[in-house]
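Working notes, beginning with the structure itself.
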């Protein structure tokens, strides 16, 4: 039995490794177009911020180890281009430009996602960069070093934009951030997003909201001009961080079904519309545990879990993945930012009748030194009382607290049930009523008893 | 309708306040034997550690506020002594030693718990102290100041003993800790308790395990000798922190049913065996959500929640409290220590067939700076795969992570279900697979598929 994997990052290598452990006598071939496999992509902003570290520190397991210790036929520099489902084969181009054709019994498409680059003039200029692969990270870091970058324009204000903004500020680089939409973090309750916005501005970042971007042009002194309506923002470098899109074209060309946002549609065992082809990671869709509907949320844990799921399903232990809760956390300078489940608007769109509360609570007990303000939001369905989502922002205790809410969403708990949970209390860590419970207690007043 | 409350701390004042809000026209009388109500008892060790703060900083709401703003007839210095159930009355002794008798329609017993003081010679000597009430805290702090305490012997090694040990070390006081049992934290997995023990010893605390205590004697130079088998430990002060026992004698004398460890037995609406008498807080028992059986775990959140529950039940909105998960967290110097649910031994005693794993995991992502080791333990029932409990120890992220597990216990989740949860990941906060998930994935191998 030959298992072929297209894509050697989180999902692909997780699947390949676990499959080989499950079925040591099988053949596993991984086709990876770059020379990098199995690295911590999410760690790149922090690595770029530190001049003393190399990007290769982020490699979790080297290609050689997969080959020699794990017996995986890992072919880097191999770009898959066409899937022939009838022939059960993959065609592409190898390291030295030579064409290849490989037959598979089972195939995994783990091609990931790519940054969205708008079709506007100047986005191909030298110094206009995006961050997705380790090679992107190397290019950005080396560009900063070699060109003596003093100023950057970031297009976009999502997670990666904000993490990179922090990295640039660590390096004492001036940062202008710009995006077309007028709202800072549109999925976030305004009381919470205001706190994140102020933290960003407090660190000297210039935010330009609601500006349409027209083009990027070369300016004087190695500067680039990001031309917007009525203003041009200048920087030695432009980072395009406008989100990502699933790499699903090869799958679509092969006639596989696509799901939300063009991601490859898979069932709870990671199988595509072709029973011999699986998909996992940022290129594939998933079920959302709150809506029960398909969604596309490209994050690392899901990719790793789906990779394992493919390996187990192929080994005759079919998984039945419950799906994602939409948990996402990030650091913005000194702040922890966390969310899980649906925002108020997402809940409305999904057909719920949501009610919402947003509160401020102390992070530690009454009169305990060092207490700061934790901002907490929760959404529930008015009629059923079911919890639908939550958001937390604060200097401490936001990120790990969100996990309690994520578990509650997986279990379809009501606000009332959640409000009865025996959560942790000690003065250095929380008030007697944890902010999560205080939020739930407030929300309880808004749902039908 | 007259609602009488015996005891003016967490449970009693929560009940009184909420009842008065629920039913503004009713009469609420609170009988509190001390002059302190509504204070953060758990904050006392941290307050004692700081010479610049007064114990009264821990008062959350002053007696005057309850009286003038909330219309509660709060009688401090009133010690209830006898409950006459037939007569629906409480008899006791007032502020100036005068007897009183008060009739009730509904009664709440919220008498709390008292430190266990062994019946051995010398435990009544000057300088032998226990910490439970705010007045105890004042006495200890004032004793340290006025006597220039340089050394302390702590009898016991539970939460309060360890928190006070940290407070004494902050004040540069030499600490000897002693207890009869030979194991440091007997409910904890040895890999985890060893870490806590080493952290304690690293801060210069001398631990004496497995020593029977015979007496306390006066020594030279204002020192006290704690006489053990073969050794005498000396200190200017002795703190007795051997645990607490429920103040249930008055209830027992009145013929009310008692539960585990002599706590007052209550149903899920906080009603005792007498339908007109309720009990809440450290003096009452509760259901354990894992075993479904009665238990006695005296902690602050449960007391507050039960106080509210009494008020709501009396207001015609009867509560149906699910119970406690046994969540408890504390700080030991730089370490966060957390538990929820059952230990391996407790699970065996409760009739489960438990399996257990204990692992070490990094607190942050691969190659992320500042990562430390998180120690994680989990217990499940082998046959059903149901999660039964967990423990976490680490320099960061132990306390708030335990909440996810607590929610899982409330929901009777299996390890498999928990292992599928969409928990938070970002490099500064956790590895891709959160330590909780890694532990669950390991435990999954030990339960019946």
Residues (surrounded by fewer than 19 Cβ atoms within 10 Å (Cβ to Cβ) and at pLDDT 95 or above) located in the stretch B:228-243:
B:232, B:234, B:243
Residue B:346 fails exactly one of the following numbered conditions: (1) buried (at least 20 other Cβ atoms within 10 Å of the Cβ); (2) over 23 Å from residue B:298 (Cβ atoms); (3) more than 9 Å from every other protein chain (Cβ to nearest Cβ). What is the number of that condition?
(2)
Which numbered condition in (1) outside any loop (DSSP other than H, G, I, E, B); (2) in the same structural domain as residue A:228 (by TED's automatic domain parsing); (3) closer than 30 Å to residue B:362 by Cα; (4) touching a residue at least 40 places away in the same chain (Cβ under 8 Å) is the only one that residue A:139 fails?
(4)
Helices (runs of 4 or more DSSP H) within the stretch A:381-449 that include 3 or more residues at the interface with chain B (Cβ under 7 Å from one of its Cβ atoms)
A:398-410
So, in the stretch B:289-313, how many residues would count as being under 20 Å from residue B:243 (Cβ atoms) and in contact with a strand residue (DSSP E or B) (Cβ under 8 Å, 6 or more places away or on another chain)?
7
Tell me, which helices (runs of 4 or more DSSP H) wholly within the stretch A:150-267 include 3 or more residues that are in contact (Cβ under 8 Å) with a residue 40 or more places away in the chain and within 19 Å of residue A:298 (Cβ to Cβ)?
A:159-170
Which numbered condition residue A:49 misses (of (1) more than 30 Å from residue A:152 (Cα to Cα); (2) surrounded by fewer than 22 Cβ atoms within 10 Å (Cβ to Cβ); (3) within 11 Å of chain B (Cβ to nearest Cβ)):
(1)
Of all residues in the stretch B:260-294 being farther than 23 Å from residue B:105 by Cβ and surrounded by 21 or more Cβ atoms within 10 Å (Cβ to Cβ), which is farthest from the other protein chains (Cβ to nearest Cβ)?
B:263
Somewhere in the stretch B:325-343, is a residue without any contact (Cβ under 8 Å) to a residue 60 or more places away in the chain, under 24 Å from residue B:248 (Cα atoms) and in contact with a helix residue (DSSP H, G or I) (Cβ under 8 Å, 6 or more places away or on another chain)?
no
Within the stretch A:349-371, residues farther than 30 Å from residue A:292 by Cβ and more than 14 Å from chain B (Cβ to nearest Cβ) come out as A:360
Taking the condition over 27 Å from residue B:14 (Cα atoms) and not assigned by TED's automatic domain parsing to the domain that holds residue A:196, does residue A:366 pass?
no
Given (1) closer than 24 Å to residue A:432 by Cα; (2) loosely packed, with under 15 Cβ neighbours inside 10 Å; (3) in contact (Cβ under 8 Å) with a residue 40 or more places away in the chain, index of the condition residue B:69 fails
(3)
Please find, among B:385, B:351, B:389, the residue that is modelled with pLDDT of 95 or more, more than 30 Å from residue A:44 (Cβ to Cβ) and surrounded by fewer than 20 Cβ atoms within 10 Å (Cβ to Cβ).
B:351
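The values are calculated or read from the model by the stated rules, or taken from the named source; none is laboratory data. Predicted model only: the values in this text are computed from it and were never measured. So basically every Cβ, Gly included, is an ideal-geometry build from the backbone, and we count neighbours across all protein chains shown.
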